[in-house]
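The values are calculated or read from the model by the stated rules, or taken from the named source; none is laboratory data. Computed from a prediction, not measured in an experiment: that's the story for all the values here. Virtual Cβ from ideal backbone geometry, glycine too; neighbours counted across all protein chains shown. Just the protein is used for accessible areas: all its heavy atoms, side chains included, with ligands, DNA and RNA removed. Shrake-Rupley method; radii C 1.70, N 1.55, O 1.52, S 1.80 Å.
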Amino acid sequence: MLKVDFHTHTADDPADRIPYTTHALIERAAAHGYDALAITLHDAQLDLSPFERTARACNVVLLPGIERTIAGRHVLLINFSRAAESVCSFDDLARLKACEQGLVIAPHPYFPIGTALRDLAEPHAHLFDAVEVNAMFTRAIDFNERARAFAAAHGLPLVGNGDIHRLEQLDTTYALVDAARNAADICAAVIAGRVRVEAQPLTITKAARIMTDLVVTSVVPRRNSRRSSDTPALSRS
C-alpha cells in the first residue's frame, strides 16, 4: 500500500501564501513515510521537472495536479495534461475526461467555504472519481460526514487528503492506495476503489492554531519572492 496525499500546496501557489517550498514539502513528506504526492496549486499546474531530483532522492512519486476553480467551486484534477488549466466549466471537465485519463476528486465538498461544491456536487456527481475526506476536522466538528454520505450514495471511493497549507498538517489524514509506484497506476487504483482512508482528528487547539494562521496570512499582501524551483534543497548539500 502506498501512502499518498492528493491535495497539497506550496510556495509556488499563485493564490495562497505558503511558507515552505515544494522541495521542503517533498522532504517532509518523505520523512513521514509518504510514497506519493500530488501538488495541486490553485488554478495553475506546476511544472514538476525541477523537483524530480528531490523526489527521486526521497523516493516520492510526484503526480501532476491542480485545484481548479470551476463555476466558482474547487475541483482536484490529478494526472491530466496542462489542458486542465483551461477547464472553466463542468462541460469542459466532461470533455477533458473524454480525451484524457486522470483522476477527478471532489475536495472538501460540504465545508462551509465559498469554494466548496455544496449544491453543485449532486448534479455533477457523474464527473467525479473520488471524494475527499479533508484533514481539517476534530472529534466535535467534522464537515466530512456529508462527503461520506455523498460518496456512498454514488458509489464513489473516499480518499484522505491533508489539503496541506502548513507542513504540520502532514500525516494526520491521508490515503493508502494499493498500486504500483507510478502516477497512472495510483490514479487507476483509486478509481477502482483500491484505496483506504486513514484519518486522525485534530485537537481543537491544533485546528484553531492552523486556521488562525491561515486567516491571518490570507490578509497580508503577497510579496514577490523566488519560486521554490529556484532553491532546490538537495543542491545545497
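Carbon and sulfur together cover what percent of the accessible area of segment 55-139 at a 1.4 Å probe radius? Walk me through the numbers before you get to the answer.
Details: 1690 of 3290 Å².
Carbon and sulfur together cover 51 percent of it.
Out of Pro109, Pro123, Pro64, any idea which swings most in a Gaussian network model of the chain, alpha carbons joined below 10 Å?
Looking only at Pro109, Pro123, Pro64, the biggest GNM fluctuation is shown by Pro123.
Once both labels are modelled 7 Å past Cα along the beta-carbon direction, what's the Thr69-His32 spacing in nm?
Roughly 2.7 nm, to one decimal.
For the pair Phe143/Thr212, report the inter-label distance in nm, with labels modelled 7 Å from Cα in the Cβ direction.
Placing both labels 7 Å along Cα→Cβ, they lie 2.0 nm apart.
If you project the alpha carbons of the chain onto the principal axes, what extent comes out on each, in Å, largest first?
50, 40, 34
Between beta-carbons, use under 13 Å as the cut-off and find the net charge around Arg146, counting Lys and Arg +1, Asp and Glu -1.
Values: positive: Arg118, Arg148; negative: Asp119, Glu122, Glu132, Asp142, Glu145.
Summing Lys and Arg as +1 and Asp and Glu as -1 gives -3.
How big is the gap, in Å, between the Cα center of segment 9-65 and the Cα center of segment 110-125?
Taking the Cα centre of each part, segment 9-65 and segment 110-125 sit 26 Å apart.
So if I place +1 on the C-beta of Lys and Arg and -1 on the C-beta of Asp and Glu, and nothing else carries charge, what would the dipole magnitude of the chain be about its Cα centre? I want it in debye, nearest 20. Before the final figure, lay out the partial values.
Details: 25 positive and 28 negative charges, 96 e Å.
Around 460 debye, computed over the chain.
Are there GluC sites (Glu not before Pro) in segment 91-151 that DSSP puts in a loop and that have at most 14 other Cβ atoms within 10 Å, and which ones?
Passing both the DSSP loop test and the Cβ count: Glu100.
Which residues' amide hydrogens lie under 5 Å from the amide hydrogen of Ala179, considering only partners 5 or more residues apart or on another chain, with H built in the peptide plane?
Under 5 Å from the amide H of Ala179: Leu2.
How much of the DSSP beta bridge set in the chain is antiparallel, as a percent to the nearest 5?
For the chain, the DSSP antiparallel bridge percentage is about 50.
May I ask you to work out the translational diffusion coefficient for segment 47-131 at 25 °C, viscosity 0.890 mPa s, via Stokes-Einstein with Rh from the Kirkwood sum over Cα pairs, reported in whole µm²/s?
Details: Rh = 13.7 Å.
So the translational diffusion coefficient is about 179 µm²/s.
Might you report the magnitude of the Cβ-based charge dipole of segment 35-84 about its Cα centre, with Lys and Arg at +1 and Asp and Glu at -1, to the nearest 20 debye? Don't skip to the end; give the middle numbers.
Working: 5 positive and 5 negative charges, 12 e Å.
Around 60 debye, computed over segment 35-84.
With unit charges on the beta carbon (Lys/Arg positive, Asp/Glu negative), name the residue among Phe80, Leu63, Gln45 whose Cα is farthest towards the positive pole of the charge dipole of segment 36-118.
Leu63
Counting other Cβ atoms within 10 Å of each Cβ, which trypsin sites (Lys or Arg not before Pro) in segment 138-172 have at most 16 and sit in a DSSP loop? Don't skip to the answer; put the middle values down first.
Numbers: sites: Arg139, Arg146, Arg148, Arg166; in loops: Arg139, Arg166.
Qualifying residues, ordered by number: Arg139, Arg166.
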